[in-house]
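One structure is given here, and the rest of the page talks about it.
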C-alpha cells in the first residue's frame, strides 16, 4: 500500500471515530432546573435541530415542569415522548408547551422525539 493510501485510511478511521463520539458517546454535564415559588423545578428547552439543553438535572420527589419551545418545522420534532413516565406532548411550532412530571426515584430518564432522532436526558438526583 502506498503512503497516500495509508493517510486516507487513517484519516477515514479518525473521522469515523469522531462521528461515533459526537453522536453517541458525548455527554453534556447538564443544566440544573431552577426552583419556582410554586414548588416546581423548571427548565426551558429549545427544540431546534435537537434539544437545547439536552440534559436537565432535578431532585427526586419534587415536581418538574419542562417548558418546550419548538422553533422549527421538521416533522420529527412535533412531539416529545417520556417513555419512562408514559407521557408525551405535542409541540406546535412557535408555542411553549409545559410537560409536568414527578420523578420519585433517582436515576437517568430519557426523552426523545417519536423517531428517536432528537434525544435528551432527565437526571434525577
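Derivation of every value follows stated rules applied to the coordinates shown; laboratory data play no part. Everything numeric here is computed off the predicted structure, so don't read it as measured data. Virtual Cβ from ideal backbone geometry, glycine too; neighbours counted across all protein chains shown.
With r defined as the distance between the Cβ atoms of residue 105 and residue 69 and R0 fixed at 25 Å, what FRET efficiency is calculated, to the nearest 0.05? If you can, show how the numbers build up before the last one.
Details: r = 28 Å, r/R0 = 1.13.
Result of the calculation: an efficiency of 0.35.
Treating the Cα atoms of the chain as identical point scatterers in vacuum, please give the log10 of the normalised Debye intensity I(q)/I(0) at q = 0.17, 0.22 Å⁻¹, two decimals.
-0.85, -1.28
Take every DSSP beta bridge whose two residues both sit in the chain, then give the antiparallel share in percent to the nearest 5.
Working: 21 of 35 bridges.
Close to 60 percent.
Using alpha-carbon positions, what is the distance between the centroids of the range 67-100 and the range 3-38, in Å?
Their Cα centres are 25 Å away from one another.
Mind checking the angle between helix 3-20 and the chain's longest principal axis? C-alpha axes, 0 to 90 degrees, to the nearest 10.
Once rounded, the angle reads 10 degrees.
Among 82, 13, 68, which one shows the biggest mean-square fluctuation in a GNM of the chain, springs joining Cα atoms closer than 10 Å?
13
In the Gaussian network model of the chain, springs joining C-alpha atoms below 10 Å, which of 64, 20, 31 carries the largest mean-square fluctuation?
Checking each option, the largest mean-square fluctuation is seen for 20.
Comparing 101, 15, 66, which has the greatest mean-square fluctuation in the GNM of the chain with Cα pairs linked when under 10 Å apart?
Per the Cα network of the chain with a 10 Å cutoff, 15 tops the list.
Mind giving me the nanometre distance, one decimal, between the label points for residue 5 and residue 37, set 7 Å out from Cα along Cα→Cβ?
7.3
Take the Cβ-Cβ distance between residue 86 and residue 20 as r, set R0 to 22 Å, and report the resulting FRET efficiency rounded to the nearest 0.05.
Numbers: r = 32 Å, r/R0 = 1.43.
That pair, residue 86 with residue 20, gives E of 0.10.
Sort 104, 48 so the one with the fewest other Cβ atoms within 10 Å of its own Cβ comes first. Working shown, then result.
On the way: 104 10, 48 13.
Ranking 104, 48 by Cβ neighbours within 10 Å, fewest first, gives 104, 48.
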